[in-house]
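Below: one structure, written as structure tokens.
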Amino acid sequence: MRKRLAAGNWKMNMTPSQAKAFVAEMAESMKDAKNEVLFCVPAIDILPAMEAAAGTNIQIGAENLYFEEKGAYTGEISPLMLMDAGVKYVIIGHSERREYFAETDDTVNKKVLCALAHGLTPIMCCGESLKLREQGVTMDWVRMQVKIGMQGVTAEQAKGMVIAYEPIWAIGTGVVATTEQAEEVCKGIRELIAELYDAETADAIRILYGGSVNGKNCAELFAQENIDGGLVGGASLKPEFVQIANA
Ligand code: PEP
């Protein structure tokens, strides 16, 4: 049985004091949440958010990591730093990282391998642009991203991973993929995992949908056989995240 995951992605929002106050405010209303709940937050917010989340069911994760342990990589954050801070989940390869910070499938793969080697759980993102969808190559594109991103990942490691299918045209736009579109691609990803590994691994890995998930549309999306929760941007900064945590 795969436990659903409601994962927030704060992106570049919330100062450390706002982060602390928001997590503390959400803790009470989320205490009986049905789903596993997680906020992935800016690096500087991790410790204050952790402080506010201590003793609650809220987990705090990271939005990125670099694939070296330490050294001359100004501005980056290492897996050792995340582990020491008590982080478990880390988003890797979000489309905004790919678009604005030149991340490629190869760097995503390096980050995924590095996270796994340090005991972190990657939430590896994939998803097509509107143009690719209109050209009819969504599944080819997503399969390529997942295949390259997971190169060198063992079946045991893959079982514990999370993949987030996030169509770029649905992120932050208010245009959510239809339930059928979301389920179709998430199912296709699970089939790919079965091809690359085996049925057991495909059954264990969690696949999230992301892209304009909100308190209203989450229940229908999360009810799909192959959607194990959501990666949520905008709505994770608002009290409506409670509905997503319970969907
Ligand atoms: C995201 O940041 O991954 C995301 C899906 O954003 P939003 O929910 O705002 O579309």
The range 218-232, residues that are surrounded by fewer than 21 Cβ atoms within 10 Å (Cβ to Cβ) and of a type outside the set (A, V, I, L, M, F, W, C): E220, Q224, E225, N226
Checklist (1) closer than 22 Å to A19 by Cβ; (2) within 9 Å of the ligand (Cβ to nearest atom); (3) not charged (D, E, K, R) applied to S212, failing item: (1)
Which listed residue, of T138, T107, T173, is touching a residue at least 12 places away in the same chain (Cβ under 8 Å), touching an Asp or Glu at 6+ places or on another chain (Cβ under 6 Å) and among the β-branched types (V, I, T): T138
From the options E191, E240, E195, residue that is closer than 16 Å to M26 by Cβ and free of Cβ contacts under 8 Å to residues at least 40 places away in the same chain: E240
Elements of type strands (runs of 3 or more DSSP E) in the range 1-107, at least 1 residues being in contact with a Cys (Cβ under 6 Å, 6 or more places away or on another chain): 5-9, 58-62, 89-92
Hey, I123 surrounded by 20 or more Cβ atoms within 10 Å (Cβ to Cβ) and either over 15 Å from the mean Cα position of the chain (by Cα) or more than 16 Å from the ligand (Cβ to nearest atom) (or both) or not: no
Residue within the range 135-147 that is within 16 Å of the ligand (Cβ to nearest atom) and closer than 23 Å to D203 by Cα present: yes
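Read-outs: derived from the displayed coordinates by stated rules, not from any lab. Here the structure is a predicted model, which means the values were calculated and not measured. As a convention, Cβ positions derive from the backbone with ideal geometry for all residues, glycine included, and neighbour counts pool all protein chains shown.
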